[in-house]
Amino acid sequence: MVGYEEFKSSCACFPLTGVSLIKVTGEDRLDWLQGQATNDMRMLTESGSISFCFCTATGQPVARLDAWAKGDSIYISVENACIEAVLERFNKMVILEDIEAENLTETLTGWSIQGPRAVESLERLKPSVPPGTLLFESNRAGGGIDVWFSESLDLTGIPVASQEAIELRRLVNGIPAWGKDMNAKTLPPELGKDFEAKHISYRKGCYLGQEVLMRIYSRGHTNKTWVAIQSDMMLEPSAKVYAGQTVAGQVNYCLSSPEHGFLSSMNLRNEFLINGMALQVESGTEVIVRTLPLA
């Protein structure tokens, strides 16, 4: 397995064992998704993808999703922790519409090739790619390609990334993980301006949760934002971070970085949201606020 540096400079692959793939068909698929998704699904074309959230009526996310259009289908990927909630949304909210959602995860195997040479590496493999293989541009750790296949696919020649490298590349690129950086209590705008720009449209029509998100948008801010903090030592999860005597947040988890020393994920109170601002953990160690993405 390869580490962070080779992953960043070339490419590496890893299995999508924590991701489910849904195939959505039917004449009303796009209109129905437009009424559920935080982003403008009318912008979805076969040459790109759209990222979005499903939210509750109070604006909290049910899941973070990515969608691709292929022919008469829309394919949606979602973390396994959220797949039941997403399928339940289809089951409850599809009434008379012509739309069907099928979970492909039991029949297809997914791998992602990420890094600046991902496309080049995949091109060398294409002669051996079995028919019916699905290829989607994705950004799971800095940008690359997702490959979903039913038959065996030989990825020999593309190194496998270590889990530590995957997690670090994900954090550096500002890609939140469900249960680690976001959960059902997180408001999507709390994940930062980059996430907000990629996942939310404030110009589209109605969708579930829109009223709350529009209120936040018109107010101009949230109370906290997902950031990284940089330190010279490993920080314990749940360690409190202070600005003077005020608790500014607490550590979600900490990763060792060859570029940044140690990077921790945290949700920071917005009065301290200044890139480069010095804070302290409860032990007295100084940490530095880093807005995401860093890459």
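The values are calculated or read from the model by the stated rules, or taken from the named source; none is laboratory data. Everything numeric here is computed off the predicted structure, so don't read it as measured data. Positions of Cβ are backbone-derived with ideal geometry, glycine not excepted, and every protein chain shown enters the neighbour counts.
Quick check, is L235 surrounded by 14 or more Cβ atoms within 10 Å (Cβ to Cβ), in contact with a His (Cβ under 8 Å, 6 or more places away or on another chain) and not in a strand (DSSP E or B)? No, not satisfied. Within the stretch 275-295, the set of residues being more than 25 Å from the chain's Cα centre (by Cα), in a loop (DSSP other than H, G, I, E, B) and modelled with pLDDT of 95 or more comprises M277 only. Any residue at all in the stretch 91-104 that is in contact (Cβ under 8 Å) with a residue 12 or more places away in the chain, within 26 Å of I166 (Cβ to Cβ) and not charged (D, E, K, R)? Yes, some residue in the stretch 91-104 is in contact (Cβ under 8 Å) with a residue 12 or more places away in the chain, within 26 Å of I166 (Cβ to Cβ) and not charged (D, E, K, R). Going by what's in this entry, would G249 be described as part of a strand (DSSP E or B) and touching a residue at least 12 places away in the same chain (Cβ under 8 Å)? Spelling it out, G249 is indeed part of a strand (DSSP E or B) and touching a residue at least 12 places away in the same chain (Cβ under 8 Å).
Cβ separations smaller than 7 Å between residues 6+ apart or across chains give the following pairs from the stretch 284-295 residues that are among the polar types (S, T, N, Q) to residues that are surrounded by 14 or more Cβ atoms within 10 Å (Cβ to Cβ) and part of a strand (DSSP E or B): T285/S231; T291/V227. Checking each residue in the stretch 259-274 for being at negative phi and assigned to a strand (DSSP E or B) picks out F262, L263, S264, S265, M266, N267, L268, R269. Screening the candidates T56, T38 for the property of being surrounded by fewer than 19 Cβ atoms within 10 Å (Cβ to Cβ) and either among the β-branched types (V, I, T) or in contact with a helix residue (DSSP H, G or I) (Cβ under 9 Å, 6 or more places away or on another chain) (or both) yields one hit, T56.
Restricting attention to the stretch 101-129, the residues being surrounded by fewer than 13 Cβ atoms within 10 Å (Cβ to Cβ), charged (D, E, K, R) and within 22 Å of E84 (Cβ to Cβ) number 1. K180 meets each of the listed conditions (1) outside the structural domain of R64 (by TED's automatic domain parsing); (2) modelled with pLDDT under 95 apart from (2).
Scanning the stretch 114-151 for residues that are of a type in the set (S, T, Y) and in a strand (DSSP E or B) gives a single hit, S138. Screening the candidates Y202, Y207 for the property of being hydroxyl-bearing (S, T, Y) and within 21 Å of V78 (Cβ to Cβ) yields one hit, Y207. When the test is whether a residue is surrounded by fewer than 16 Cβ atoms within 10 Å (Cβ to Cβ), in contact (Cβ under 8 Å) with a residue 12 or more places away in the chain and either outside any loop (DSSP other than H, G, I, E, B) or charged (D, E, K, R) (or both), S256 passes it.
Conditions tested, residue by residue: (1) surrounded by 21 or more Cβ atoms within 10 Å (Cβ to Cβ); (2) at pLDDT 95 or above; (3) in contact with a strand residue (DSSP E or B) (Cβ under 7 Å, 6 or more places away or on another chain); (4) outside any loop (DSSP other than H, G, I, E, B).
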position	(1), (2), (3), (4)
T156	no, no, no, no
L171	yes, yes, yes, yes
G174	yes, yes, no, no
D194	no, yes, no, yes
A197	no, yes, no, yes
Y202	no, yes, no, no
G205	no, no, no, no
V212	no, yes, no, yes
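Counting only helices (runs of 4 or more DSSP H) that sit wholly inside the stretch 1-100, those with at least 1 residues that are of a type in the set (F, W, Y) and modelled with pLDDT under 95 are 4-9. For the stretch 134-157, residues that are farther than 23 Å from L104 by Cβ and touching a residue at least 40 places away in the same chain (Cβ under 8 Å) total 1. Look at the stretch 212-229: where a residue is over 24 Å from N252 (Cβ atoms) and a partner is outside any strand (DSSP E or B) and among the hydroxyl-bearing types (S, T, Y), sitting 6+ places away or on another chain with Cβ atoms under 6 Å, you get Y217/Y202.
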